[in-house]
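Heads up: the structure comes next, in C-alpha cells.
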Amino acid sequence: MLTPHMMMKYWRETLAVTQRILIELCRRRRSLIFWTVFPIALLLLNGFIFAERAQQSMALAFENATPTTLAFENAAPTTLVGAALFFSCLGGTVTTVVAEREQQTLKRLFISPLSGTSYFLGIFGAHCCIGVGQTLLVYAIASFWNAKFHGSLLLGGMIILLSIISYVGVGFILGTQLARRADDINALVATFGVPLLILGGAFIPSFVFPKFLLNLAKFNPIYHMTQALLIVSANGNGFTEIASNFWFLLVFAVAMIGAGWLSYRRMLSVERRL
C-alpha cells in the first residue's frame, strides 16, 4: 500500500524526470521547432482546403460564420489529435526511449535510487506537456480565423488526454520492443503511422471515404479520436453523440498504457542482463 511518504517520493522523482526530458528537448530545439511548425502548416493546409467545401455545404448550418471560420473549426481537431499529437507523443516517446537506451541512461537508472515507475511516469508527463502545448498552439492559430471550440471544454480535454495516453502507450510498445537504434524510428513511424493517419481522417476527411474504408476505419483508434473531438469542438455536441467513440478510445487508452508499462518492464529486465 502506498504511504504518503512514498507518494511524495514518486511525485518528486516523476517531476524531476519530466523536467530533465523537457530541458533536453529545449536544448536540442530542433524537435520542438518541428513539432511547432508541423501542426501549424497542416492546420493551414487543411483549413484552406476545407474552406471551399464549407462554403458549399456547411454555411447553411451556421449563418453567422464564414466558410473559412467553419473550415478551421473542422480542421483544428483533426489536425491536433489526428496528426500533431501522433508525431509528438507517439514518435516522441519512441525517440526518447531509444535515445535513453543508446545513451546508457537506463544503466544508470539501476544504480540510482530513482524507481522505474517514476521514470515511466516522467516520460509520460513530459509528452503530456508537449501535447498540451500543441493543443493551445493549434487552437490559438485557428482563432485568428474566428474559429471557436463550441462544445464542452471538459469533454474535449478528456478526449485529448485519452489520445495522449494512447499515443504514449503505443510509443512505449514500439520503442521498447521494435526500435533498437535511432535509424529504426522513421521506418516504424512511417510503417505503422501513415496508413493509420490517412484512414483516421487526419489528412483526408472521412466523409469522402468509400463505405468499405469507412467500415475499416471504425477499427482505427485515430478515427475515433478525430471524430470525437470534431463532433465536440466543431459541432458543439455532447457525450451522447460521441459515446461509442469515447468508450472505444477509453478502452484503447487503458489497454495501451497497460501494454506500454509491461513492455517497459520487460525492457528493464533485458537491460539488467546485458
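The values are calculated or read from the model by the stated rules, or taken from the named source; none is laboratory data. Quick caveat: nothing in here was measured; it's all calculated off a predicted structure. Every residue, glycine among them, receives a Cβ derived from its backbone with ideal geometry; neighbour counts consider all protein chains shown. We work out accessible area using only protein heavy atoms, side chains counted, and drop any ligands, DNA or RNA first. Shrake-Rupley method; radii C 1.70, N 1.55, O 1.52, S 1.80 Å.
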*Helix 221-233: angle to the longest alpha-carbon principal axis of the chain, degrees 0 to 90, nearest 10?*
50
*Highest mean first, what order results for 124-136, 239-251 on Cβ atoms within 10 Å?*
124-136, 239-251
_On C-alpha positions alone, give me the angle between the axis of helix 67-79 and the longest principal axis of the chain, in degrees, nearest 10._
20
_Fraction of accessible area attributable to carbon and sulfur, the chain (%, probe 1.4 Å)_ = 68
*Grab the DSSP H runs of the chain that are 4 residues or longer, score each as -39,500 (n - 2.57), total them, divide by all residues and round the 222 nm result to the nearest 500 deg cm²/dmol.*
-25000 deg cm²/dmol
*Radius of gyration and Dmax for region 149-274's Cα atoms, expressed in Å?*
16.5, 53
*asked:* Quick check: the distance between the Cα centres of region 23-41 and region 202-269, to the nearest angstrom?
replied: 25
*asked:* Using only Cα atoms and rounding to the nearest 10 degrees, what angle (0 to 90) does helix 92-102 make with the longest principal axis of the chain?
replied: 20
_How much accessible area per residue does region 117-173 have, counting only protein heavy atoms and a probe of 1.4 Å, in square angstrom?_
38
*Order the peptides 24-37, 69-82, 137-150 from the highest to the lowest mean number of other Cβ atoms within 10 Å of their residues.*
69-82, 137-150, 24-37
*According to a simple spin-label model (label point 7 Å from Cα along Cα-to-Cβ), what is the distance in nm between L136 and L214?*
3.8
*State, as an integer percentage, the relative contact order of the chain based on alpha-carbon contacts under 8 Å between residues 6 or more apart.*
25
